[in-house]
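Quick notes on the structure that follows.
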Amino acid sequence: MTAQEPDRFREFFDDAFGFGYTGSPETVRAMCLFSHPDMRWGMLLGCETGYITGYPDNMLMFLATYVGASMKEMQADKGDDPDMQRHIAQPMTKLIERSTLPHGTALFLTKNMDKEQRQATLDLVLRHAARAKNPKVIEALLEAGANPNTMGGIAVKYAFDTPQDLQSLRALHKAGAKFLAAAGAFSLPETELRALDLRLTQEETTAKADTFKKQADELTGKVDALKKELDTRPKPPETPPPPPPPAPPTP
């Protein structure tokens, strides 16, 4: 590499960043499909910056375009494909993590995709988040519609692997993850997973009962307050009975 080449590369990278940040969605789509990987990466960083600063269109276009061109690779990715990590999982994870409404952000980022693409994207990012043991993102993705049993329960496997991520396992279980099926698919210790499955089921049952009791107590409190208010209101004066009708005339 000559002395001028690093500067030239930096210039190309800055141009790509600018296209992602302030370029048109059509330009982003074309570069996503046809540009050099380094140019695509620079453009993606520009799209992220635009999203963060209030201009989301290019980020949505990049994700929808990349997903549309990569469905086969996405469906084969167990959460360890570096290209899927770099272009889909990493940027989505970053934006979900910094959001005050994480599941809403997950849905918004996939809003330009069709139903199949959206599901594949949520499931892919779930696999990557489980492998990284990131419970906040896992919870957001599950709430947005990710499949807790994606790839036979691989998210359960990743969350169960040492060091065990109990918060993620709780979220997966609550969303309907089949722990015993995952144990069979990935040769996990069935006895431990069965015990964990039972424990989390009991926790969820107790939490539902506590929530119901709290709601019932709140309703009882409102009824008691209303009764008290009615009891303290002044009663309206009693209306005297009407006078008897006059006696009929004597014949």
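The values are calculated or read from the model by the stated rules, or taken from the named source; none is laboratory data. As the structure is a computational prediction, the values presented were derived from the model and not from experiment. Cβ: placed from backbone, ideal geometry, glycine included. Neighbour counts: every protein chain shown. Note: accessible area is taken over every heavy atom of the protein model, side chains too, but ligands, DNA and RNA are not part of it. Shrake-Rupley method; radii C 1.70, N 1.55, O 1.52, S 1.80 Å.
Name the residues in the range 109-124 that are part of a helix (DSSP H, G or I) and more than 10 Å from the chain's Cα centre (by Cα), would you?
109, 115, 116, 117, 118, 119, 120, 121, 123, 124, listed by residue number.
Cβ-Cβ under 7 Å, sequence separation 6+ or interchain: first residue in the range 204-226 and of a type outside the set (A, V, I, L, M) and surrounded by 10 or more Cβ atoms within 10 Å (Cβ to Cβ), partner at pLDDT 90 or above and part of a helix (DSSP H, G or I). Which pairs?
If the second residue must be at pLDDT 90 or above and part of a helix (DSSP H, G or I), the pairs left are 204/174.
Among the residues of the range 81-102, how many are crowded, with 18+ Cβ neighbours inside 10 Å and in a helix (DSSP H, G or I)?
Within the range 81-102, the first condition is being crowded, with 18+ Cβ neighbours inside 10 Å, and the residues that meet it are 81, 84-85, 87-89, 91-93, 95-96, 102.
Still in the list and also in a helix (DSSP H, G or I): 84-85, 87-89, 91-93, 95-96, 102.
The number of residues fulfilling the criteria is 11.
Go through (1) assigned to a helix (DSSP H, G or I); (2) on the phi < 0 side of the Ramachandran plot; (3) of a type in the set (A, V, I, L, M, F, W, C) one by one and return the number of the condition residue 151 breaks.
If we test residue 151 against (1) assigned to a helix (DSSP H, G or I); (2) on the phi < 0 side of the Ramachandran plot; (3) of a type in the set (A, V, I, L, M, F, W, C), just (2) comes out false.
Among residues belonging to the range 11-55 that are small (Gly, Ala, Ser) and part of a helix (DSSP H, G or I), point out the one that is nearest to residue 98 (Cα to Cα).
Per the stated criteria, the residue is 50.
Only one of these conditions is not met by residue 199: (1) of a type outside the set (Asp, Glu); (2) at positive phi; (3) more than 15 Å from the chain's Cα centre (by Cα). Which number is it?
(2)
Considering 189, 246, which residue is open to solvent by 100 Å² or more (accessible area, probe 1.4 Å) and either over 19 Å from residue 125 (Cα atoms) or of a type in the set (A, V, I, L, M) (or both)?
246
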